[in-house]
1. Got a sec? Which of 230, 192 is within 25 Å of residue 322 (Cα to Cα), of a type outside the set (Lys, Arg), assigned to a helix (DSSP H, G or I) and open to solvent by 40 Å² or more (accessible area, probe 1.4 Å)?
2. Could you list all residues from the stretch 66-93 that are of a type in the set (A, V, I, L, M, F, W, C) and within 21 Å of the chain's Cα centre (by Cα)?
3. Would you call residue 152 of a type in the set (S, T, N, Q), buried (at least 21 other Cβ atoms within 10 Å of the Cβ) and within 21 Å of residue 249 (Cα to Cα)?
4. What's the number of the condition residue 210 fails, among (1) open to solvent by 30 Å² or more (accessible area, probe 1.4 Å); (2) touching a Gly at 6+ places or on another chain (Cβ under 8 Å); (3) touching a residue at least 24 places away in the same chain (Cβ under 8 Å)?
5. One residue is enough: does the stretch 127-141 have a residue meeting the conditions open to solvent by 30 Å² or more (accessible area, probe 1.4 Å) and not hydroxyl-bearing (Ser, Thr, Tyr)?
6. Small (Gly, Ala, Ser), within 26 Å of residue 118 (Cα to Cα) and touching a helix residue (DSSP H, G or I) at 6+ places or on another chain (Cβ under 6 Å) - does that describe any residue in the stretch 240-250?
7. How many of the residues making up the stretch 251-263 are over 30 Å from residue 188 (Cβ atoms), surrounded by 23 or more Cβ atoms within 10 Å (Cβ to Cβ) and either free of Cβ contacts under 8 Å to residues at least 60 places away in the same chain or of a type in the set (Gly, Ala, Ser) (or both)?
8. Applying the selection to the stretch 305-337, what residues are out of contact with any helix residue (DSSP H, G or I) (no Cβ under 7 Å at 6 or more places or on another chain) and not in a helix (DSSP H, G or I)?
Amino acid sequence: MNRRRTGALLAALLCLLTGCAGSTTPADTSYMPPEEERLVIYTSHKEEVWWPIVKEFEERTGIWVDVVTGGSSQLLEQIRQEREAPRADVMFGGGVESLESYSDCLEPYACSEKAQIPERYRSEKDLWTPFSSLPVVLIYNTKLVDPTWLTSWSDLLSDRFRGKIAFADPSVSGSSFTSLVTYLDAMEQPPEKCLPQLAASLEDRQLDSSGDVLSAVAQGSDWVGITLEETALQWIAAGEDLGMVYPSDGTSSVPDGSALVAGAPHRENAEKFLDFTVSLDVQQLLARQFYRRPVREDVETGKTLVPLSELKLVDYDVEWASRERESLLMSWAFYLGGEEEL
């Protein structure tokens, strides 16, 4: 058992150290168990999220887990490229609208505790299993920004913040794409009106990853940023000079999720892992340790998180966001490139 867990840790560390998904470097097969005792997970989660969950899953099931890390869009595209000969069993992480966009690479699966999950968090066709609920928030540097300056999405469009907004590339970051659609919903105007306005406020500049948003605002190279509640609360708890705002004109609380890869080599083990991600123990861990909102009705969020009932939530249409994803990203790239006269 210890040998199996050590092997999985080595595989995970190899992925993290190389910084690339889907490395073709052959593993040391002397540690590997039979195929029926293995599982391959592609994950966009940070190590502090996926590692304790994978470790506990291994200990409870005896299944050897190989972990490949990367951005959600990067990993989903890799799954598509490997469709004829799948390597992954589970995609663990990513906004559910991103998972919907790759439905041709995934297989439906209804998790065993589906009844404990509110309908608003479920996939209509069981294409994905929800993991946590993630409101979009605005953040600001408390040394540079008066809290009264930033209360809404529309405030980002003021001259005060022009060129001082941290926002990650939505074609790379799934959370950034969710943020972009949330912005459109909150502004209640067509994309051809809203997208060029935000692009102009960014001065045609975006960051490479969602993690860079927090760093840029905390360090003061940007004054404000767009990110997720969970990450913002973690940085604030760590003592960074950050403030957080739930936009008064509306935010979303779209779940991220996990999905079964079509043709998964270790399907039975993949189903066990999907069940585990929404188990009572894992969902309680999210609420207690990670500032993430659980998707089960029988788990409390605790005092740290503002009740969703107190937030103004937009009508976020996951199906529409998935269907229009490529079109929105093309339009965003067009406007960000400065092709539109305002």
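1. After applying the criteria, what remains is 192.
2. Listed by number, the residues that qualify are 67, 68, 75, 76, 79, 88, 90, 91, 92.
3. No.
4. Going through (1) open to solvent by 30 Å² or more (accessible area, probe 1.4 Å); (2) touching a Gly at 6+ places or on another chain (Cβ under 8 Å); (3) touching a residue at least 24 places away in the same chain (Cβ under 8 Å) one by one, residue 210 breaks only (2).
5. Looking for residues that are open to solvent by 30 Å² or more (accessible area, probe 1.4 Å) and not hydroxyl-bearing (Ser, Thr, Tyr), one finds none in the stretch 127-141, hence no.
6. So far as the stretch 240-250 goes, yes, one or more of its residues are small (Gly, Ala, Ser), within 26 Å of residue 118 (Cα to Cα) and touching a helix residue (DSSP H, G or I) at 6+ places or on another chain (Cβ under 6 Å).
7. Residues of the stretch 251-263 over 30 Å from residue 188 (Cβ atoms): 258-263.
From what is left, the residues that are surrounded by 23 or more Cβ atoms within 10 Å (Cβ to Cβ) are 258-261.
Still in the running and either free of Cβ contacts under 8 Å to residues at least 60 places away in the same chain or of a type in the set (Gly, Ala, Ser) (or both): 258-259.
Selection size over the stretch 251-263: 2.
8. 305, 306, 307, 311, 312, 313, 317, 324, 337 - these are the residues of the stretch 305-337 that are out of contact with any helix residue (DSSP H, G or I) (no Cβ under 7 Å at 6 or more places or on another chain) and not in a helix (DSSP H, G or I).
The values are calculated or read from the model by the stated rules, or taken from the named source; none is laboratory data. Everything numeric here is computed off the predicted structure, so don't read it as measured data. Cβ atoms come from the backbone with ideal geometry, glycine included; neighbour counts cover every protein chain shown. In case anyone asks, the SASA skips ligands and DNA or RNA and just uses the protein heavy atoms, side chains included. Shrake-Rupley method; radii C 1.70, N 1.55, O 1.52, S 1.80 Å.
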